[in-house]
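For reference, the structure discussed in these notes is given below.
The values are calculated or read from the model by the stated rules, or taken from the named source; none is laboratory data. No experiment lies behind these values; they were computed from the predicted model shown. Cβ placement follows ideal geometry from the backbone for every residue including glycine, while neighbour counts extend to all protein chains displayed.
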Amino acid sequence: MTHDMKPDAVAGVRVTPPGEPVVRVPARWRIVLGRFAGSWGGRAGVVLLGGLFVLAFAGPVVGPWSYEDRDFLAFLQGPSWAHWFGTTQTGGDVFALTLRGMQKSLLIGLLVAVVSTGVAAVVGAFAGYYLGWTDRVLGWVTDLLLVLPAFLVIAVLSPAIGHGAWLVLVMLLAAFMWMVTSKVVRGMTISIKEREYVLAARFMGVPGYRIIFRHVLPNMASLLIVDATINVSAAILTETSLSYFGFGVRPPDVSLGGLIADGARTALYAPWTFWFAAGLLVLLVLAVNLIGDALRDAFDPTSDGRRR
Amino acid sequence: MTVLEVRDLTVRFGETPAVQGVAFEVARGEVLGVVGESGSGKSVSVLAVLGLLPRQAAVTGSVRLHGRELLGAPEKELTALRGRSLAMVFQDPLAALTPVHRIGDQVAEAILAHQDLPRKQARARAVDLLDLVGIPEPGRRARAFPHEFSGGMRQRVMIAMAVANDPDVIICDEPTTALDVTVQAQILDVLGTARRETGAAVVFVTHDLGVVAGLADRVMVLRAGRVEETAPVDDLFFRPRTAYTRNLLAAVPRIDRRHRRSAPPPGGERVLQVEGLVKRYGRGARAVDRVSFAVRAGETFGLVGESGCGKTTTLMEILALAAPQAGRIVVLGRDTAGLTRRERLELRRDLQVVFQDPMASLDPRMTVHDIVAEPLRAHGLAADRVPELLRLVGLDPGQAARYPQDFSGGQRQRIAIARALALAPRLLVLDEPVSALDVSIRAEVIALLADLKARLGLSYLLVAHDLALVRGIADRVAVMYAGRIVEIGPVEAVFAEPRHPYTRALLAAVPVPDPARERARRRAPLRGEPPGGAAAYPGGCRFRGRCPVYAELAAAPASRCVNEEPELGGADGAACHHPSGGTR
């Protein structure tokens, strides 16, 4: 048999009976989405998170007060018809403040988590997969950021950011949160790289960057998702400590973390200043955790309750 | 005298019974072989006897040691028995030795756990035991740590610990599965010695019928948790009662049988040519040293050797399609040194690979469809051929949406083959394609490979340590030792009349599933172990340290082995200075 006829030879063994139904195989992202939508935890998480978003962005429209308003007739009053969540020591409406803070914290928390975990995954995986100079350069960058005092850098840069540039704050926070994870990812990549399915992909001519996104990262999805979930609350808390020292989100703008820090001082005798903000933060973290768990299971085809 | 008696042993994990109604007995000095494929319950049975199953396992029935019931006995009593009356040897000797303690101390510990001896005396006894299991310079080696020992040596230590307290029963669970054939032969010998010294009954669990044939007095065949048959070894091999045993025996590739095969097309073009290939890692010794061979169109070329001989390194060098450190690799007439990135990608379509372990070579997070479609997509082709490819390897395309772990080992290997065939390659590299599979499934996959080769006009480069498999399907074969090819030729010529002493020793070490032949075999296993990759070769013949021929030579011819490295095509075609390895 000469090699010229070979492609036909493969085609020639077609034994498809005519009229056989075509098997539809959904793409990977569809499978993951389907499995995610099928888990009650995932659905509950999405509903909860969606609810928080709606509350944060639609609530201020409904509420009678703005976060900048001061009601000089009601200092530190409990919840009432006029002030649904009560008021602060300076007469601010807790409902308006909490929702305004949640807008910021939702965006900062979720974005920082996604960006920092994404950077960690990409940097770690490229360093671990290519090794050599790529690894050395990325390693230097990682180590440099690790030794820089993140808090000081953000504090110094923060006046330069100016008001309203919360996106810059997100980037700054994310820039100092990815290093440790990226080191873990690098190590895992080195071990996954030796697996035979990665070798097989290489020998069939799949380029390195595609191997990283198709084989390496999905196989450490659980690590990345857990990392991102933790990063959400970590980002919110970091922002809180920044706000506490007057950096980050600055007055009159507020964040959930700032409100909790302020409210903690009056929590004992005016619990409404603390508990609403804290409760919403707990709900937010809970929603993120539910989504994270469901996503992790959705990515892992062996988690179909087949564990004994 | 019956030492160990097991009656109606049933083990359940939750609802599913893993073992049902297993019964056997062993007498003093007797060897019982327990054979079965994966999932047959052979390991679970012996672990149940030892009382080592996890808590959630429900064990019923009766296990009597010297008439004393062990099932349900208090843990304290069992602990006292284990290691003294009941000794065990497991598959992975590294996992069973503590890395931070000296070998001698660990053996002494095994003695002291059950005997009241002064420490010094226990140490001396440990050295004696190491000597018994054939560890050279036992006094010095007793002070070594486990990582300084090779796999075979570690297994010897495990046997020394097992016999330390003069046990009544030694239970061995696949003790030679992780070892090379020449080392396996040595370990089987040591086990024989240990049995003679202690007079213990031996329960030997294995999947390898060849090992059982030479060692066991009686054999029990397990299948899906039940006893298929128990018979004296001769009856089992020559007069099997059940169809299952007959099939099992028929499925074992036999190294001692000539195979009829259609002759490969003579003088076909060379699809792969390797000339003087060299690969060294860092500054170490050359893992592959001046290796040359060629694969012709339509033939199956076998590359055999023990672990660390450089056969896998050779494969990886070929598959990389890059310029080698020295020498030349020519794939389909194209020298890999001068390829552009584009040309290399094009050439990959003609050269594909099937790995050993299908569980490791298929991404667990991808559907079968995506796995088989991956090479097509990498080359910008439509993925609509996937169902056809799955059908080609005998799988139902309707299952394409499932994940690799939903399939059995044999089916997974079929998926891996379908993926390798997706680009319609001309040369398929098979890296131990069936060694991770059960015997009966092996036969199916081998048949599939043969069928595909005939239908698609493929050429195979087969790397294997299983010589029987190579004899069964290869047309030509090259034997590697310590990074060099020591013998090369048509498979029948090499197997029927091996010329290099190493080839002869390798063939002699393979156990044959034929008790009569195994008993008649002159047991002369090769001494020593295959050199590791880091070992340096000072020059001369690399095999001489283990060579039975060299050991017998007079000073004058022997000096040649020391001073001059033999090349292929020497006195007798093999890489040896002495015609027919000095036998004529």
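Among the residues in segment B:232-249, are any assigned to a helix (DSSP H, G or I), touching a Cys at 6+ places or on another chain (Cβ under 9 Å) and modelled with pLDDT of 85 or more?
no
Conditions (1) farther than 30 Å from B:VAL252 by Cβ; (2) touching a Leu at 6+ places or on another chain (Cβ under 7 Å); (3) not assigned by TED's automatic domain parsing to the domain that holds B:THR193, marked per residue:
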{"position": "B:VAL22", "(1), (2), (3)": "no, yes, no"}
{"position": "B:GLY51", "(1), (2), (3)": "yes, yes, no"}
{"position": "B:ARG55", "(1), (2), (3)": "yes, no, no"}
{"position": "B:GLY61", "(1), (2), (3)": "yes, yes, no"}
{"position": "B:PRO74", "(1), (2), (3)": "yes, no, no"}
{"position": "B:LEU97", "(1), (2), (3)": "yes, no, no"}
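Of the conditions (1) free of Cβ contacts under 8 Å to residues at least 60 places away in the same chain; (2) within 10 Å of B:ALA18 (Cβ to Cβ), B:GLY39 fails just one. Which one is it?
(1)
Please verify whether segment A:210-233 includes one or more residues that are over 25 Å from the mean Cα position of the chain (by Cα) and either at pLDDT below 90 or more than 10 Å from chain B (Cβ to nearest Cβ) (or both).
The answer is no, given that none of the residues of segment A:210-233 is over 25 Å from the mean Cα position of the chain (by Cα) and either at pLDDT below 90 or more than 10 Å from chain B (Cβ to nearest Cβ) (or both).
Restrict the check to segment B:273-280 and report whether at least one residue is modelled with pLDDT of 90 or more and crowded, with 21+ Cβ neighbours inside 10 Å.
yes
Name, by its number, the condition in (1) of a type in the set (Asp, Glu); (2) in contact with a strand residue (DSSP E or B) (Cβ under 8 Å, 6 or more places away or on another chain); (3) modelled with pLDDT under 85 that does not hold for B:GLU229.
The failed condition is (3).
The conditions are (1) of a type in the set (A, V, I, L, M, F, W, C); (2) in contact with an Asp or Glu (Cβ under 9 Å, 6 or more places away or on another chain); (3) more than 8 Å from every other protein chain (Cβ to nearest Cβ), and B:ALA447 fails exactly one of them. Which is it?
Against the list (1) of a type in the set (A, V, I, L, M, F, W, C); (2) in contact with an Asp or Glu (Cβ under 9 Å, 6 or more places away or on another chain); (3) more than 8 Å from every other protein chain (Cβ to nearest Cβ), B:ALA447 comes up short only on (2).
Kindly list the number of the only condition in (1) acidic (Asp, Glu); (2) closer than 26 Å to B:GLY29 by Cα; (3) out of contact with any Pro (no Cβ under 9 Å at 6 or more places or on another chain) that fails for B:ASP131.
(3)
Listed here are the residues, each with its yes/no results for (1) more than 22 Å from the chain's Cα centre (by Cα); (2) farther than 18 Å from B:LEU215 by Cα; (3) hydrophobic (A, V, I, L, M, F, W, C).
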position	(1), (2), (3)
B:ASP131	yes, yes, no
B:GLY151	no, yes, no
B:ARG154	no, yes, no
B:ALA160	yes, yes, yes
B:ALA164	yes, yes, yes
B:PRO175	no, no, no
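Can you tell me which residue in segment B:381-436 is nearest to the other protein chains (Cβ to nearest Cβ), limited to those that are small (Gly, Ala, Ser) and part of a helix (DSSP H, G or I)?
B:GLY398
For (1) at pLDDT 95 or above; (2) under 30 Å from A:LEU48 (Cβ atoms); (3) not in a loop (DSSP other than H, G, I, E, B), each residue gets a yes or a no:
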| site | (1), (2), (3) |
| --- | --- |
| A:LEU97 | no, yes, yes |
| A:GLY101 | no, yes, yes |
| A:GLY109 | no, yes, yes |
| A:VAL112 | no, yes, yes |
| A:LEU145 | no, no, yes |
| A:VAL156 | no, no, yes |
| A:GLY164 | no, yes, no |
| A:LEU167 | no, yes, yes |
| A:MET171 | no, yes, yes |
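Based on what the data block shows, is B:ALA478 of a type in the set (A, V, I, L, M), within 12 Å of chain A (Cβ to nearest Cβ) and either outside any strand (DSSP E or B) or farther than 17 Å from B:GLY394 by Cα (or both)?
no
Step by step: first the residues of segment B:381-421, then only those that are under 19 Å from B:VAL445 (Cα atoms) and basic (Lys, Arg), then the one that is surrounded by the most Cβ atoms within 10 Å (Cβ to Cβ). Which residue is that?
Checking each candidate, the answer is B:ARG419.
Do you know which residues across segment B:368-380 are within 22 Å of A:ASN219 (Cβ to Cβ) and either more than 7 Å from chain A (Cβ to nearest Cβ) or part of a loop (DSSP other than H, G, I, E, B) (or both)?
Answer for segment B:368-380, where residues must be within 22 Å of A:ASN219 (Cβ to Cβ) and either more than 7 Å from chain A (Cβ to nearest Cβ) or part of a loop (DSSP other than H, G, I, E, B) (or both): B:VAL368, B:ILE371, B:VAL372, B:ALA373, B:LEU376, B:ARG377.
Output yes when any residue across segment B:488-510 is assigned to a strand (DSSP E or B) and touching a Gly at 6+ places or on another chain (Cβ under 9 Å), and no when none is. Show your work before the answer.
Our first condition is that a residue be assigned to a strand (DSSP E or B); within segment B:488-510, this holds for B:488-490.
Checking which are touching a Gly at 6+ places or on another chain (Cβ under 9 Å) leaves us with B:488-489.
Yes, the conditions are met somewhere in segment B:488-510.
Residue by residue through segment B:290-302, note down the ones that are within 24 Å of the chain's Cα centre (by Cα) and more than 14 Å from B:LEU458 (Cα to Cα). Even if it seems obvious, please write down each step before you answer.
The first filter runs over segment B:290-302 and keeps only residues within 24 Å of the chain's Cα centre (by Cα), leaving B:291, B:300-302.
Hits for segment B:290-302 are B:VAL291, B:GLY302.
Test each condition in (1) crowded, with 19+ Cβ neighbours inside 10 Å; (2) away from chain B (no Cβ under 14 Å) for A:ALA201 and report the one that comes out false.
All conditions are met except number (2).
Quick check on B:PHE145: is it out of contact with any Cys (no Cβ under 6 Å at 6 or more places or on another chain), surrounded by fewer than 23 Cβ atoms within 10 Å (Cβ to Cβ), modelled with pLDDT under 90 and within 30 Å of B:THR503 (Cα to Cα)?
For B:PHE145, the condition - out of contact with any Cys (no Cβ under 6 Å at 6 or more places or on another chain), surrounded by fewer than 23 Cβ atoms within 10 Å (Cβ to Cβ), modelled with pLDDT under 90 and within 30 Å of B:THR503 (Cα to Cα) - is not met.
Being within 14 Å of another protein chain (Cβ to nearest Cβ) and in a loop (DSSP other than H, G, I, E, B) narrows it down to one residue among A:PRO79, A:PRO26, A:PRO64; which is it?
So the residue among A:PRO79, A:PRO26, A:PRO64 that is within 14 Å of another protein chain (Cβ to nearest Cβ) and in a loop (DSSP other than H, G, I, E, B) is A:PRO26.
I'd like to check which helices (runs of 4 or more DSSP H) are fully inside segment A:173-214 and have at least 3 residues that are closer than 12 Å to A:THR142 by Cα.
A:179-193
In this structure, does A:LEU281 turn out to be within 14 Å of another protein chain (Cβ to nearest Cβ) and either under 24 Å from A:ARG70 (Cα atoms) or of a type in the set (A, V, I, L, M) (or both)?
Values: within 14 Å of another protein chain (Cβ to nearest Cβ): no; either under 24 Å from A:ARG70 (Cα atoms) or of a type in the set (A, V, I, L, M) (or both): yes.
Judged against the criteria, A:LEU281 is not a match.
Does segment B:296-326 hold any residues that are closer than 25 Å to A:GLY205 by Cβ and either small (Gly, Ala, Ser) or not assigned by TED's automatic domain parsing to the domain that holds B:LEU277 (or both), and which are they?
Across segment B:296-326, the qualifying residues are B:ALA297, B:GLY298, B:ALA320, B:ALA322, B:ALA323.
Would you mind stating whether B:ARG365 is within 9 Å of chain A (Cβ to nearest Cβ), modelled with pLDDT under 90 and outside any helix (DSSP H, G or I)? Let's see the steps before the verdict.
Numbers: within 9 Å of chain A (Cβ to nearest Cβ): yes; modelled with pLDDT under 90: yes; outside any helix (DSSP H, G or I): yes.
So B:ARG365 passes the test.
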